[in-house]
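Chemist: For reference, the structure I am asking about is given below.
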Amino acid sequence: MQDPLRNSLFDPAQAFALEGAAAARGLETAVETGLSSAEAARRLQVYGPNQLKAHKPQSLTALLVHQFKSIIVWLLLAAALLSLLLGDRADALAICVVLLINGIIGFVTELRAARSMEALLRITDVSARVRRDGQVHDISAAGIVPGDIVLLEAGDVVSADVRLLSASGLLCDESLLSGESAPVSKDIRQLPPDTIAAERSNMAFSGTAVTQGLGEGIAVATGMASELGRIGALAQETDGQSSPLERRLDLLGQRLLWLTLVLAAVTSLAGILWGHPVPDMLKTGVALAVAAIPEGLPVVATLCLARGMWRMAAHHALVTRLSAVETLGSTTIILTDKTGTLTENRMSVARYLLADTDITVRQSGAGTSFLREGEELTPDETALLIQALETGALCNTADLGHAAASGSAQASDAIGDPMEISLLQVAKAAGVSHPDLGLRLPQAGRHAFDPDCKMMATMHEHEGRYLYAVKGAPESVLAVATRVMTEAGEQPLSSDDRAVWRARQAEAASSGLRLLALASKVETSASAAPYADLTLIGFVCFLDPLRVEIPQAIREAQRAGVRVVMITGDHPQTGARIARDAGIGQGELKVLTGREVEAMGGGSALLTRTDVFARVAPETKYALVSAFQSAGHVVAMTGDGVNDAPALKKADIGIAMGQRGTQVAREAASIVLQDDNFATILMAMRQGRIIFENIRKFVVYLMSCNVSEVLIVGLAVGIGLPVPLLPLQILFLNLVTDVFPAFALGLGRGSADVMLRPPRDPKEPIVDRPRWILIGFLGGAITLATLAAFALALFWLKLGPGPAVSVTFLTLALAQLWNVFNMRSSGPSSCHSLARNDVLTNAYVWGALALCLGLITAAFWHPGLSEILGLDWPGLAGLGLATALSLLPLVLGQIFLLLMPGPARVPPSAPL
């Protein structure tokens, strides 16, 4: 069926730029009667249900298959197949068991599905009231079509993007889209075509909630065409990025592939040239493949990350993607929202601007205090302050709930506009009880907030007359006020006085405060004009307070070499003030608005030098994440609203708020902060850095052990000696005596100075040049000690091939165990000394060594196990030889570590 509006020039995305009547004509709708039922049914066929498309979650089969896509896994599969072809079923079975165990661990720990779109579907699963055939009907929100006349009232969830045609005191909570907690006042005025979504006051958006007033409008966009649907589509199209750890492990696997193939080919060819049988050399090639590949690496990496996840959960950081544990540790920049993350997400009265003075309000856990010129005072010391407190409490529709009745300082169950709640709270703290005030001055009437004049008023009986309490926008109240209240009484408000008040308003606004004007008058009638001939009492200034722990957390991030950039939907001045108080940026603060970012495009270098981005749209957040990633950063992005979901998925690490965050944001993120606290990010970042440091330690440990195994077999065959190790012996070492110490290294608590180091280069591999040198040195030392033991057993102790292989096995096993102590950080630092370091203080290391020594003993003394591994008792002389030479790599390794430079630190004045 064709679109009935196909010939219309009407653009739903620009409905806010049209008069309401023009929008109705464009959608061919009669406002008085709405669509006919038949026309609504036709449009439903064309546009489809007013629903968001579901994102198909990844199947369990796909998740399981994903566990076996590693190059390391492919190499081991090839080695198992070759062993099977050569008749070594035990080797093939052992390798397959290893792969199965690794696959199961990976599957269980990473089992999750992307539920973002399902959460969006739940948002739109509501009912709605529409006018059709001249009658009002309650219908499922899924049945709304473009052109429907939608009726709104307090408590409703808006079910489509609606161009408002009428609005009476209409306020909408748009935190779902904007992230800002303050309700937005709605009107019906035509707006300029370039008005951004956050400032389209004549639009009610799908998924937002009506908190106050009444409204009526025409549905201009439904389903995926709505603002909510457009954001959802962007989130759905954003592919999850592979983590830096995954990319580095894959790169390491690729290098191992070529290394293994070259070594196996060269060694097998050398053995054939020395006259060894071809089948034996093929088996030797399998042994080399098994030796070169750290089978325990995927298992230990997964378990190490899981352990980090559990530690972070204990500190209120819930990880939904296992690799995020490490990714956060490599973060170079944090893009954080303001409201609720840096601030407390509550409107708090900060200051009263009165005719004769300014009163500062300080609120803390100890209570509320009032200060004038730095000196604390009691509210009843100034009649003007009491009058301002009473006016704010009278001209109010909020309710403090049980907190008011119980006398609690908390008002977690308070109902109403956040600004009005804060007015009641500060009045209560000053001893002005709202219930008592209502008994003394009973309400006789109320004028709801008028978006045209931007004021509201309540009338109260007072000594046979009526007290009008008014609050509203400062410029609106100033325009109708004729007098001003002073300590000496009412005084005329001259034009010069108005200029002074406007200057005070501008000064407060420039510091990021939101202002309301308070005024009153006394009339003989409750039907007098509420907004005429008013007496100005003063301005009340509101602030979303900065969390007390934020400045310290920002300093810790900067000491760790991590930039913090604020992204907010709030006014630039408000964002800049919070940023300055938090300590964001260095020197002069750089602030850009969303419009300026869009005008620049994504490639401007100025973007990556900016400290605060204000008035941003969802696409802007997404573009900013892309811009910083393109500049080489590993980006952590915080968010809580639906508008944040695309950017959260795009970021290297998405961090959602657990308390106030939407389900959409939580399921798009990799980490959920259960306490909504920015400081928790620093804790998680520390854990992430420790995890990567530990991963590097056990990778160096595993690789140095495996390099020694390759060199031992390769050199022995290359110089004409018998094969010193059997494939199953190597597999036993790799899976038993290697894995347990490696896992113990992965559980270490990390170095004390880990948060004083700069972030790693995002392109830096797990094994960098210094660590390859360390791997080569340690692997060479173990090889030297083991081959010496093998040669001495053959030619000095005159042992047969079987016992000599057992000496080789024992020397290598013990040398690899002692090698764990070579995994301490290099340098002579007090944190990394030979006598005191994070390896020696790791209880898991000592437990792993005890376990492995027991397993090695069992390999010799248990008849069945020794037979499978091909181990013969080497005698006391062979045992002593193996034990003595196994200590040589430990001594050489400690000397080498003392000569290596220690880890770098962030200079105190380093620019970020």
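The values are calculated or read from the model by the stated rules, or taken from the named source; none is laboratory data. Predicted model, so just to flag it, every value in this text is computed and none were measured. Every residue, glycine as well, gets a Cβ built from its backbone with ideal geometry; the counts of neighbours run over all protein chains shown.
Chemist: Name the residue that is nearest to the chain's Cα centre (by Cα), counting only residues in the stretch 703-742 that are of a type in the set (Ser, Thr, Tyr) and closer than 21 Å to ALA859 by Cβ. Show your work before the answer.
Modeler: First, the residues of the stretch 703-742 that are of a type in the set (Ser, Thr, Tyr): 704, 708, 737.
Among the residues that remain, those that are also closer than 21 Å to ALA859 by Cβ are: 708, 737.
Details: SER708: 41, THR737: 38 Å.
Filtering the stretch 703-742 for residues that are of a type in the set (Ser, Thr, Tyr) and closer than 21 Å to ALA859 by Cβ, the one nearest to the chain's Cα centre (by Cα) comes out as THR737.
Chemist: Looking at the stretch 513-524, which of its residues are over 40 Å from the mean Cα position of the chain (by Cα) and surrounded by fewer than 20 Cβ atoms within 10 Å (Cβ to Cβ)? Give the steps one after another, and end with the answer.
Modeler: Within the stretch 513-524, the first condition is being over 40 Å from the mean Cα position of the chain (by Cα), and the residues that meet it are 518-524.
Answer for the stretch 513-524, where residues must be over 40 Å from the mean Cα position of the chain (by Cα) and surrounded by fewer than 20 Cβ atoms within 10 Å (Cβ to Cβ): VAL522, GLU523, THR524.
Table: residues versus (1) touching a Leu at 6+ places or on another chain (Cβ under 8 Å); (2) among the polar types (S, T, N, Q).
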residue	(1), (2)
MET703	no, no
ASN706	no, yes
VAL713	yes, no
VAL717	no, no
VAL723	no, no
PRO727	no, no
GLY779	yes, no
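Chemist: Is it true that LEU439 is touching a helix residue (DSSP H, G or I) at 6+ places or on another chain (Cβ under 9 Å) and aliphatic (A, V, I, L, M)? If you could, list the steps in order and put the result at the bottom.
Modeler: Working: touching a helix residue (DSSP H, G or I) at 6+ places or on another chain (Cβ under 9 Å): no; aliphatic (A, V, I, L, M): yes.
Here the answer is no, as LEU439 does not meet what is asked.
Chemist: Turning to a different aspect of this structure: If you go through the stretch 623-650 one residue at a time, how many are surrounded by 24 or more Cβ atoms within 10 Å (Cβ to Cβ) and of a type in the set (Gly, Ala, Ser)?
Modeler: Matching residues across the stretch 623-650 total 5.
Chemist: Taking the stretch 353-371, which residues are modelled with pLDDT under 90 and part of a strand (DSSP E or B)?
Modeler: Within the stretch 353-371, ARG362, GLN363, SER364, GLY367, THR368 meet the criteria.
Chemist: Output the residues belonging to the stretch 201-215 that are surrounded by 21 or more Cβ atoms within 10 Å (Cβ to Cβ) and in contact with a helix residue (DSSP H, G or I) (Cβ under 9 Å, 6 or more places away or on another chain).
Modeler: Residues satisfying the conditions are ASN202, MET203, PHE205, SER206, GLY207, THR208.
Chemist: Any residue in the stretch 187-199 that's more than 23 Å from CYS453 (Cβ to Cβ): show its pairings with residues that are at pLDDT 85 or above at Cβ separation under 6 Å, as long as the two are six or more apart or on different chains.
Modeler: Final answer for the pair search is PRO193/ALA17.
Chemist: Oh, and also: Need a quick list: helices (runs of 4 or more DSSP H) entirely within the stretch 388-490 having at least 3 residues that are at pLDDT below 90.
Modeler: Numbers: elements: 402-406, 418-429, 434-440, 474-480.
Hits in the stretch 388-490: 402-406, 418-429, 434-440.
Chemist: Scan the stretch 520-545 and report the pairs whose first residue is farther than 17 Å from ALA393 by Cβ and whose second residue is assigned to a loop (DSSP other than H, G, I, E, B) and among the polar types (S, T, N, Q), with Cβ atoms within less than 7 Å and a gap of 6+ or a chain change.
Modeler: From residues that are farther than 17 Å from ALA393 by Cβ, the pairs are ASP544/THR339; ASP544/ASN345.
Chemist: Just to check your reading of the model, which residue among SER494, SER510 is assigned by TED's automatic domain parsing to the domain that holds ILE386 and either modelled with pLDDT of 90 or more or more than 51 Å from the chain's Cα centre (by Cα) (or both)?
Modeler: Details: SER510 fails: either modelled with pLDDT of 90 or more or more than 51 Å from the chain's Cα centre (by Cα) (or both).
Only one candidate qualifies: SER494.
Chemist: Can you tell me how many residues in the stretch 477-504 are surrounded by 18 or more Cβ atoms within 10 Å (Cβ to Cβ) and of a type outside the set (Gly, Ala, Ser)? Give the steps one after another, and end with the answer.
Modeler: Looking only at the stretch 477-504, we keep the residues that are surrounded by 18 or more Cβ atoms within 10 Å (Cβ to Cβ), and these are 477-478, 480-481, 484-485, 493, 501.
Cutting the leftovers down to of a type outside the set (Gly, Ala, Ser) gives us 477-478, 480, 484-485, 493, 501.
Counting residues in the stretch 477-504 that are surrounded by 18 or more Cβ atoms within 10 Å (Cβ to Cβ) and of a type outside the set (Gly, Ala, Ser) gives 7.
Chemist: Applying the selection to the stretch 506-523, what residues are touching a strand residue (DSSP E or B) at 6+ places or on another chain (Cβ under 6 Å) and not small (Gly, Ala, Ser)?
Modeler: Within the stretch 506-523, the first condition is being touching a strand residue (DSSP E or B) at 6+ places or on another chain (Cβ under 6 Å), and the residues that meet it are 508, 513-523.
Correct list: LEU513, ARG514, LEU515, LEU516, LEU518, LYS521, VAL522, GLU523.
Chemist: Would you mention how many residues in the stretch 449-471 are loosely packed, with under 15 Cβ neighbours inside 10 Å and within 49 Å of the chain's Cα centre (by Cα)?
Modeler: Selection size over the stretch 449-471: 1.
Chemist: Could you identify the single residue in PRO741, PRO759, PRO770 that is surrounded by 21 or more Cβ atoms within 10 Å (Cβ to Cβ), in contact (Cβ under 8 Å) with a residue 12 or more places away in the chain and not polar (S, T, N, Q)?
Modeler: Details: PRO759 fails: surrounded by 21 or more Cβ atoms within 10 Å (Cβ to Cβ); PRO770 fails: surrounded by 21 or more Cβ atoms within 10 Å (Cβ to Cβ).
Criteria check complete, one pass: PRO741.
Chemist: Scan the stretch 318-328 and give yes if some residue there is touching a Phe, Trp or Tyr at 6+ places or on another chain (Cβ under 7 Å), at pLDDT below 75, more than 30 Å from PHE809 (Cα to Cα) and not in a strand (DSSP E or B), otherwise no.
Modeler: Yes, because at least one residue in the stretch 318-328 is touching a Phe, Trp or Tyr at 6+ places or on another chain (Cβ under 7 Å), at pLDDT below 75, more than 30 Å from PHE809 (Cα to Cα) and not in a strand (DSSP E or B).
Chemist: A further question follows. Go through the residues of the stretch 580-587 one by one and say whether even a single one is modelled with pLDDT of 85 or more, of a type outside the set (S, T, N, Q) and closer than 22 Å to GLY641 by Cβ.
Modeler: Among the residues of the stretch 580-587, at least one is modelled with pLDDT of 85 or more, of a type outside the set (S, T, N, Q) and closer than 22 Å to GLY641 by Cβ, which makes the answer yes.
Chemist: Six or more apart or on different chains, Cβ atoms under 6 Å: show the pairs whose first residue is in the stretch 468-485 and in contact (Cβ under 8 Å) with a residue 60 or more places away in the chain and whose second is buried (at least 24 other Cβ atoms within 10 Å of the Cβ) and assigned to a helix (DSSP H, G or I).
Modeler: Between residues of the stretch 468-485 that are in contact (Cβ under 8 Å) with a residue 60 or more places away in the chain and residues that are buried (at least 24 other Cβ atoms within 10 Å of the Cβ) and assigned to a helix (DSSP H, G or I), the close pairs are ALA469/THR391; ALA469/LEU394.
Chemist: Could you check how many residues of the stretch 542-555 are in a helix (DSSP H, G or I) and surrounded by fewer than 18 Cβ atoms within 10 Å (Cβ to Cβ)?
Modeler: Filtering the stretch 542-555 down to residues in a helix (DSSP H, G or I) leaves 550-555.
Adding the requirement that they be surrounded by fewer than 18 Cβ atoms within 10 Å (Cβ to Cβ) leaves 551-552, 555.
So the count comes out to 3.
Chemist: Let me ask something additional. Looking only at the stretch 714-735, decide whether some residue is assigned to a helix (DSSP H, G or I), modelled with pLDDT of 85 or more and within 25 Å of ALA813 (Cα to Cα).
Modeler: Going residue by residue through the stretch 714-735, those that are assigned to a helix (DSSP H, G or I) are 714-718, 727-735.
Cutting the leftovers down to modelled with pLDDT of 85 or more gives us none.
So far as the stretch 714-735 goes, no, none of its residues is assigned to a helix (DSSP H, G or I), modelled with pLDDT of 85 or more and within 25 Å of ALA813 (Cα to Cα).
Chemist: State which residue is nearest to PHE743 (Cα to Cα) when the search covers only the stretch 659-713 and only residues that are in contact with a His (Cβ under 9 Å, 6 or more places away or on another chain) and part of a helix (DSSP H, G or I).
Modeler: Among those residues, the one meeting the criterion is GLN687.
Chemist: Same structure, new question: Within the stretch 128-187, work out how many residues are part of a helix (DSSP H, G or I) and more than 30 Å from ASP570 (Cα to Cα).
Modeler: Within the stretch 128-187, the subset part of a helix (DSSP H, G or I) is 141-143, 175-178.
Remaining after also requiring more than 30 Å from ASP570 (Cα to Cα): 141-143.
The qualifying residues number 3.
Chemist: Which one of these is in contact with a helix residue (DSSP H, G or I) (Cβ under 6 Å, 6 or more places away or on another chain) and surrounded by 22 or more Cβ atoms within 10 Å (Cβ to Cβ): VAL805, VAL820, VAL839?
Modeler: Values: VAL805 fails: in contact with a helix residue (DSSP H, G or I) (Cβ under 6 Å, 6 or more places away or on another chain); VAL839 fails: surrounded by 22 or more Cβ atoms within 10 Å (Cβ to Cβ).
Every option except VAL820 fails the conditions.
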